[in-house]
Each structure stands twice: as structure tokens, then as C-alpha cells.
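Bear in mind that the values in this text are calculations on the coordinates, not laboratory data. Everything numeric in this text was worked out from a predicted model, so none of it was measured. Here the Cβ positions follow ideal geometry from the backbone for every residue, glycine too, while neighbour counts run over all protein chains shown.
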């Protein structure tokens, strides 16, 4: 099997050739050789987003200097509209076109909005639209709100995805982080969209907002749950996921998960000593001593030992279950103690807490060693 190239190398010389041919097919005057030379100069030393920026700069140097004319050419060069809601085919090749709009189209609102409308039906304009939200917030939100009823699910998703305050890989929208009010009309319009592809973006948008305005999101979700369709209930569950993981009482209560004095829970961790690369096992036992069923969100919180004796907790998802009256249930979960790119491991006694419906119900400890 051929070795896959690193992700950052997706935009390489071959991608530049393909983009040059795409543009030349609709504008015979396009200097493909110059574009290729500019787009690939020093490419090997650049990371993914810098490579996209290099391609955008090459377009600026080789397309007409009048940005609306350049946008017309780029839009004309686009491949056919993606046929299905989640089809992506080879559409990532169009990413530099969105970067060109973000880099050079801001002074040209109307042609840029038209170009993004076309682009988002082939790839996505979620990154391209962000400087427009900052520069022309009222005009851009108004335009996007009008497009929440567009026949293309790609466009409707863009209206939510492009305005996420903490969009992965996208520049943060600080104004939305401080005040999410402009997002609510968009999300209200899309909360019952027929496409799961669109509803997933709405849920992720809610999750973004919850990191800065948890009470506002919980209040909104409570209202959304009244008479909610299955699709909207899924949005609420997925949109509250970070708050549920953090044990937020309001989020858990909105989903029907409440602390109960009728629940008995124990936790055992084995073995007592774990070495680097080995795993420990959590063994939890739950008993419902009450007369009614209990719905439980079960997680575990691992307090990692840090440098200088400090600890830092991280919650790991485990299981959601219903415990009938008088029922006893056992759960087992193995957790490997391996370092990751974002977490180094240090020796010492690690505490594990059993978290049920946001409340710590039991705890156990094990000693972690770097060597046996």
C-alpha cells in the first residue's frame, strides 16, 4: 500500500497544476506557468494554511487586477454543484478560491457574496465569509438569514457554519464570542432543517456558544425542546454535549438527567500500579434503590498528575443508560496510559472520579510509573 502523504502536503505542485488548468479552461489568457511558479515557490517549508495563502497570492498576481473581474473568472471555473448534502468529492481543491475572496474581496461586497454563494455549493465558504462578518456585520447577517431558505443544503449549512464563533481552523469571531445575539435568528431558522447535514452544524454552533454563554444556550434549548421533533431533540443533545461533559446542572436537567438520592454507586480501579503504555480498568456498580427508573449519564474524571505535583482533571465519556427500579448494573472501561501530542504523563498517584449526571459519586486511585 502506498504511503499517504502528510495532510499539509495536500496543496502541492500537482494541486497547483490542476487549479491552473481549471482557470485556463475558462480564461485562455491565464498564465499557467507563472501561476505554477508563484504558487509553488518555497512550498516545501510551508504548513497547510500558509500553502493555501500562497495559492491565493499567486491568483492575485496572475488574474485581472480588478477584483470583481477576477472573481468572475474564478466562479466560472468552478466544477459542478455537489449533488448530495454531504458529498465533498475532490472539492478541497477549491479552498484557495475562498482564501482569495477573504484576502482580496472584502472591499467588493456584492460580487464577493455572489462568489461565496457559488463556492459554498462546491466546497464551503465558511472560512471566506468571516472577514465580511467583521467588516459588514449587519449586511452579511441579513444576507445569510435570507439564504437560510435556499434550496441547496450546502448554502443553508453555510449560514450556520460560517458564523460559528469558534469554528475549527477559522479565525475566531470575537464579537460573537462576546455577544451571540446575531446567531440566534439564523439558528432559529435552521433548527428544523430537513437535512441532518445542516442540523449538525446548528448543534455545533450551539456547542460553540455554550463555551462562553452556557446559561443562554441552556435556556434556548429548553424552549426548543417543547414540542420538538426527533431532529431538533438531536440538535439539543449534541449542542449541549460540552456542558453535559462538564457536568453543567442546567444542561443535564434539560435533557432529563438529575441527581438522585436513590442511586448507589461504587468505583474500583485496577491494577493498583500502572506503567507507561499499560491500561487501567474502571469497574463501576450502580443500584437503583428507588421506585422509578433513573436515566444516567456516566463519565469518569481522571486527575492527571502534572509537573511540580499539581493535578489537572479531564472528563472522559463512558455511557448513557436507564436503570430500572431495583436494578443493579455493572460497567467496565479500560483506559490506556499513553502520552499524546497534547498531554505528557508524569508519575504519581492519579485519582479517578465516577461522575453521574454531573455529580461525583465515587472515587478510586492508582499509582502511575514511567517504568516497571
Projected area averaged over all directions for the convex hull of the alpha carbon atoms of region 263-369, nm², comes out at 6.4
Pop a pseudo-label 7 angstrom from the Cα along the beta-carbon direction at both residue 340 and residue 276 and give the gap in nm to one decimal.
1.9
If I model a spin label at residue 34 and residue 310 as a point 7 Å from the Cα along the Cα→Cβ vector, what separation in nanometres do I get?
5.4
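Order by neighbour count: 136, 300, fewest other Cβ atoms within 10 Å first, most last.
Details: 136 16, 300 25.
Listing 136, 300 from fewest to most nearby Cβ atoms yields 136, 300.
Quick one: work out Rg over Rh on the C-alpha atoms of region 20-59, Rh as Kirkwood radius.
On the way: Rg = 10.7 Å, Rh = 10.5 Å.
For region 20-59, the value is 1.02.
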Pseudo-spin-label distance residue 285 to residue 81, built 7 Å along Cα→Cβ, given in nm, is 6.1
For residue 172 and residue 317, calculate 0.36 nm times their separation in residues minus their Cα-Cα distance, and state this gained length in nm to one decimal.
49.5 nm
Average Cα contact separation per residue, region 175-306, under 8 Å, 6 or more apart, as relative contact order %:
18
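Do you know the relative contact order of the chain, to the nearest whole percent, from alpha carbon pairs under 8 angstrom that are 6+ apart?
On the way: 620 pairs, mean separation 36.7, N = 372.
Averaging sequence separation for qualifying contacts and normalising by length gives 10 percent for the chain.
Report the extension gain between residue 152 and residue 192 in nm, rounded to one decimal, defined as 0.36 nm multiplied by the number of residues separating them, less their alpha carbon distance. Numbers along the way, then the final one.
On the way: separation 40, 0.36 × 40 = 14.40 nm, distance 1.51 nm.
Additional length available on full extension: 12.9 nm.
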Taking only DSSP H segments of four or more residues, each worth -39500 (n - 2.57), what value at 222 nm results for the chain once the sum is divided by all its residues, to the nearest 500 deg cm²/dmol?
-12000 deg cm²/dmol
Could you work out how far helix 13-24 tilts from the main Cα principal axis of the chain, as a 0 to 90 degree angle to the nearest 10?
50
Where does helix 95-104 land angle-wise versus the long Cα axis of the chain, in degrees 0 to 90, nearest 10?
70
DSSP beta bridges in region 263-369 [antiparallel fraction, %, rounded to 5]:
95
Compute the helix-to-body angle for 109-119: its Cα long axis versus the longest principal axis of the chain, expressed 0 to 90° and rounded to tens.
70
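Need the full-extension length gain, residue 10 to residue 328, defined as separation in residues times 0.36 nm minus the C-alpha distance. One decimal, nm.
On the way: separation 318, 0.36 × 318 = 114.48 nm, distance 5.18 nm.
Taking 0.36 nm per residue and subtracting the Cα distance, the gain is 109.3 nm.
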